[in-house]
1. Let me check something: with ligands and nucleic acids excluded, how do H48, H220, H198 order by accessible area (1.4 Å probe), largest to smallest?
2. Per residue, what volume in Å³ does the Cα convex hull of the chain take up?
3. Taking the Cα centre of the stretch 151-240 as origin and charging only Cβ (+1 Lys, Arg; -1 Asp, Glu), how large is the dipole, in debye to the nearest 20?
4. So how compact is the stretch 144-204: Cα radius of gyration and Dmax in angstrom?
5. Using the heavy atoms of the protein chains alone and a 1.4 angstrom probe, what is the accessible area of the chain per residue in square angstrom?
6. For the chain, what % of the accessible area comes from carbon and sulfur atoms, probe 1.4 Å?
7. Would you mind telling me which residue in A39, A17, A155 has the biggest mean-square fluctuation in a Gaussian network model of the chain, where springs connect alpha carbons within a distance under 10 angstrom?
8. Share of Cα-Cα pairs in the stretch 110-161 beyond 16 Å, in percent?
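The values are calculated or read from the model by the stated rules, or taken from the named source; none is laboratory data. If you're wondering where the values come from, they're calculated on a predicted model, not measured in any experiment. Cβ placement follows ideal geometry from the backbone for every residue including glycine, while neighbour counts extend to all protein chains displayed. With ligands, DNA and RNA removed, areas are computed over all heavy atoms of the protein, side chains included. Shrake-Rupley method; radii C 1.70, N 1.55, O 1.52, S 1.80 Å.
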Amino acid sequence: MTVSTASLPEKPAGAGARPFVAIEDVHKSYRLGDTTIHAIRGVTLALHPGEFTALVGPSGSGKSTLLNLAGALDTPDQGRVVIDGHDVAALDDNRRSRLRNARIGFVFQSFNLVPVLNVLENVELPLLAGDAGRPAARRERVMQALSDVGLADYARHLPDRLSGGQRQRVAIARALVTEPLLIIADEPTANLDSGTTHRIIDLLLDLNARRGATFLFSTHDEKLMSRVTRILRLVDGVLA
Ligand code: ADP
């Protein structure tokens with residue numbers, strides 16, 4: 001289903017005509033006992049194809065909530081989230097998960113690798129959910145993704161034999177293996193030391209340049225902001 005994005009902000013120079021993700025006056029609250037927490041309070045933004053955007057804000061400002069909405073992991077209470085022309089709230093669970101599997105790769109702060117699977121098997125997991133062809137073709141895609149993150153020699157290692165930075169590279173390879181158009185990374189460097197953090201950001205920037213996918217990542221690390229051209233600041237659920 002195609003929906004109008006006419007009321008959204010102007011696209012930046014050089015970006016494609018239609019945003020890949022359009023978030024339009026979105027609100028999201030959580031109920032906690034008798035209290036309502038207004039996590040996102042009227043956010044409008046557009047992510048254009050190939051853009052690399054950092055979402056910056058203190059803990060509790062709503063970054064994860066906004067990333068979950070931008071990645072169709074959740075739906076807004078009010079407003080609209082349109083991903084690749086699809087109004088997320090209008091999709092049933094099945095179609096929403098198909099949209100995620102086909103279009104979006106996720107990287108999380110805690111890596112979320114399966115400890116009993118080796119690196120190759122972890123990266124292969126998203127391909128098993130879809131129609132990824134014969135095992136040999138799948139393995140080829142996995143090895144390409146591992147090579148893209150510099151870990152081709154570690155395919156048979158278990159995650160607990162790797163450093164934190166290497167584990168996050170595996171998680172990035174797993175996010176890339178389906179060749180998504182959007183990569184969402186929620187504080188991907190929060191558990192890493194500063195040297196490793198800079199190497200992971202370099203890797204994300206390099207992948208963005210080589211693959212042309214849209215990247216949205218969150219951080220509360222002010223030092224990382226000098227590395228990216230587009231920064232959105234979230235304060236108490238609104239963009240500053
Ligand atoms: P950030 O990622 O910037 O730390 P979050 O989006 O995780 O911010 O949280 C925004 C606000 O919403 C916080 O006050 C947080 O406690 C609250 N919150 C987030 N998820 C839930 C939830 N599942 N239930 C209740 N409150 C939540």
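1. Numbers: H48 5, H220 100, H198 60 Å².
Ranked list, largest accessible area first: H220, H198, H48.
2. Values: hull volume 33.5 nm³, N = 240.
Per residue, the Cα convex hull of the chain comes to 139 Å³.
3. On the way: 12 positive and 11 negative charges, 56 e Å.
Approximately 260 debye in magnitude.
4. Rg, Dmax (Cα atoms, Å): 11.2, 31.
5. Values: 11420 Å² over 240 residues.
Each residue of the chain exposes 48 Å² on average to a 1.4 Å probe.
6. Details: 5480 of 11420 Å².
On the chain, the fraction of accessible area on carbon and sulfur atoms equals 48 percent.
7. Of A39, A17, A155, the most mobile in the Gaussian network model is A17.
8. Working: 506 of 1326 pairs.
For the stretch 110-161, the fraction of Cα-Cα distances above 16 Å is 38 percent.
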